[in-house]
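Taking it in order: structure first as structure tokens, then the write-up.
None of the figures in this text is laboratory data; all of them are computed from the coordinates on show. Quick caveat, the model's predicted, so the values are computed rather than measured. Quick reminder, even Gly has a Cβ in these numbers, built from the backbone with ideal geometry, and neighbours come from all protein chains shown.
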Amino acid sequence: MLGISYVSLPFLHLKIIIMTVPTLTWYIQVKDDKRKIMKKTILIVITILVLIPSAIWGYITFRKHSAEEAVHEYLLKKGTEESNIVSLEPFIANLSGSENYMVAVRLKDDGNVYYYYKDGGEVKLESSTISQLP
């Protein structure tokens, strides 16, 4: 640090500016550190806001696909031919437990819609509806 006792007034003003520059750079560094912390915090919050819904959507999609595959295998083992299966539509029912993920099955030459669900390792028929179509 420079002494100020032997310096004239114009240089004294210059010395004050020089002596306050390190203080300003420290303030700028602190401000930059706060900005970095804020950027990291915002990035973490955005990541969490993206990951949680993605994980929930992925879990639901996995459960629906798993139920669809189990019902498809069950129908083939039961003796239903692949060509007789018109559609397998997995959906979320408003039921509790494993019955929440169901699969609507439509068969060729059959007006009924069958609703199956996967309970553990086995597939169970929950209900069927009679179609009014001719």
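Which one of these is free of Cβ contacts under 8 Å to residues at least 12 places away in the same chain and closer than 15 Å to V123 by Cα: G79, G58?
Working: G58 fails: closer than 15 Å to V123 by Cα.
After ruling out the rest, the residue left standing is G79.
Hey, can you tell me all the residues within region 67-101 that are farther than 16 Å from Y115 by Cβ and either surrounded by fewer than 10 Cβ atoms within 10 Å (Cβ to Cβ) or not charged (D, E, K, R) (or both)?
L76, K77, G79, E82, S83, N84
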